[in-house]
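Okay, structure first, notes after.
Rule-based calculations on the coordinates, nothing more; no lab input. All of these numbers come straight from a predicted model, not from anything done at the bench. Cβ sites come from the backbone with ideal geometry, for glycine too, and all protein chains shown count toward neighbours.
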Amino acid sequence: MEETVIARLELRDFRNFREFEFRPSPDGLTVIQGENGAGKTSLLEAIVYCSTLQSFRGASREAVVRQGTAAAKLRCDVLAGGRKVEVEIDVVPGGRDRACHNGQRVPGTRGLLEVLRTTVFTPDDLVLVKGSPSGRRDFLDEVLAKSHPRLGTDRAALERVLRHRNALLRQLGGRLDSEAATTLDVWDDRLTQIGERLAASRDELVIALSPYATEAFSVLAGETGDLDMRYARSWDGSLAAALASSRREDLRRATTTVGPQRDELELQAGRLDARSRLSQGRQRCVALALRLASHRLMTDVTGAAPVLLLDDAFSELDEGTARALIGELPAGQALLTTAGELPPGADPKLVARLSDGKLEL
């Protein structure tokens, strides 16, 4: 199995970093300690940005560029598949990011993901279980984009079609003439093609993730039993027929009421609904199991382990779960941030302290 390794990270005017350089341990665990607000999460955010052109915190370009500066620059030297690739990102508020590999332009995230993939654990992952269905759909689409970059484009295509279709529904104001019906038919055809394909990809992904998630959950929760995962579509039969049946309701509500944007990832542990029937401790085990499952699936599918990023991921765990998670961490490069002590059982290769945007080794 190949490993993806970050050899060096260099930041300029990203978040609170004016000038910053860091060389994590090439294998095993690197721990970054520091007070809250020191920039630990921002450091991991920069790594993910070099892979996806997005903040895993949902921040805008304006938010990640240091206040008072015109742009941010990120450089990440990656060892992948026996070759060294220098990833360079220019983040310009109000414009488009410029991404390069070894000085050559990369047109989008698909090219970036071919070099650098990451798996991120955060305390906020509890929302995967307790939150709305949109968070679980986002999780599935994120894993699809990282493990099968070609399929990852379907999510963006779906969003474009929905924007146009919903805009048309709002313009019609509940009234439909023959010309508008023809235009709506066009958008329905596009939505059917993309929606059926995306839903099928998600369904196959859930089936593939299930055994990994069940194994991880059993270890983390300290009990046997399946973590049942099921992809539930918002329609029966064909999507084309469902859109035709829902057209009157769509016109009345001025929005698209069926399609993969309404689907759900259902989770059960011990035959109990994970969202409403589990304790918060077991819900955290479910969320952690989903992240571990996605990491292991991406490793098997791509042949290379993603870089593991743990952003204060142990802060809300009891000692037993924390120890179990440490034992379950897969081989490869991992970076852990913490404002407190090391989790029980941790054996880092490198420990660094971050303060005021500077590292002390």
By how many degrees, between 0 and 90 and to the nearest 10, does the Cα long axis of helix 280-302 differ from the longest principal axis of the chain? 90
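Sort the stretch 3-102 into rounded, prolate or oblate with this rule: let a ≥ b ≥ c be the square roots of the eigenvalues of the Cα gyration tensor; rounded if a/c is under 1.5, and if a/c is not under 1.5, prolate when a/b is larger than b/c, oblate otherwise.
Because a/c hits 1.5 or more and a/b fails to exceed b/c, the stretch 3-102 counts as oblate.
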Eligible lysines near Lys358 by straight Cα distance, threshold 22 Å, same-chain separation 8 or greater: Lys40, Lys73, Lys349
Placing one identical point scatterer on every Cα of the stretch 133-301 and ignoring solvent, what is log10 I(q)/I(0) from the Debye formula at q = 0.08, 0.09, 0.12, 0.17 Å⁻¹? -0.30, -0.37, -0.61, -0.98
Tell me the angle of helix 178-221 to the major Cα principal axis of the chain, expressed in degrees between 0 and 90 and rounded to the nearest ten. 40
Virtual spin-label span in nm between Asp77 and Thr183, 7 Å along Cα→Cβ: 5.5
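Work out how much length Gln104 to Ala70 would gain on full extension: take 0.36 nm times their residue separation and subtract the Cα-Cα distance, in nm to one decimal. Could you put the intermediate results ahead of the total?
Numbers: separation 34, 0.36 × 34 = 12.24 nm, distance 2.27 nm.
Result: 10.0 nm gained on full extension.
Taking all pairs of different Cα atoms in the chain, averaging 1/r and flipping that mean, what Kirkwood radius in angstroms comes out?
Numbers: mean 1/r = 0.0456 Å⁻¹.
Mean inverse Cα-Cα distance, inverted, gives 21.9 Å.
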Work out, step by step, the length gained on full extension between Glu114 and Ala63: first 0.36 nm times the residue separation, then minus their alpha carbon distance; give nm to one decimal. 15.7 nm
Given H placed 1.01 Å from N in the peptide plane, which residues other than close sequence neighbours of Leu227 have an amide H under 5 Å from its amide H? Thr214
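Once the piece of chain linking Asp356 and Ala240 is laid out straight, how much longer is it, given 0.36 nm per residue of separation minus the C-alpha distance between them?
Numbers: separation 116, 0.36 × 116 = 41.76 nm, distance 5.57 nm.
Result: 36.2 nm gained on full extension.
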For Ala59, the residues 5 or more places away or on another chain with a placed amide H closer than 5 Å to its own amide H are none
Can you compute the modelled spin-label distance between Ala157 and Ser134, with each label point 7 Å from Cα toward Cβ, in nm? 2.4
To test your reading of the geometry: what angle, between 0 and 90 degrees and rounded to tens, separates the Cα axis of helix 133-147 from the longest principal axis of the chain? 70
Please report, for the Cα atoms of the stretch 116-180, the Rg to one decimal and the Dmax as a whole number; what are they, in angstrom? 17.1, 52
Using every pair of alpha-carbon atoms in the stretch 158-221, split the distances into 5 Å bins beginning at 0 and state the percent of pairs per bin, rounded to integers. 3, 15, 17, 14, 11, 9, 8, 7, 7, 5, 3, 1
One finds, for Ala331 and Leu272 with R0 = 45 angstrom and r their Cβ-Cβ distance, a FRET efficiency to the nearest 0.05 of 0.85
Residue-wise HN-Hα coupling along the stretch 332-341, computed from phi with Karplus coefficients 6.51, -1.76, 1.60 (Hz; x: Gly, Pro): x, 6, 9, 10, 10, 9, 7, 9, x, 7
With the chain treated as a Gaussian network of Cα nodes joined by springs under 10 Å, which of Ile89, Ile326, Ile47 yields the largest mean-square fluctuation? Ile326
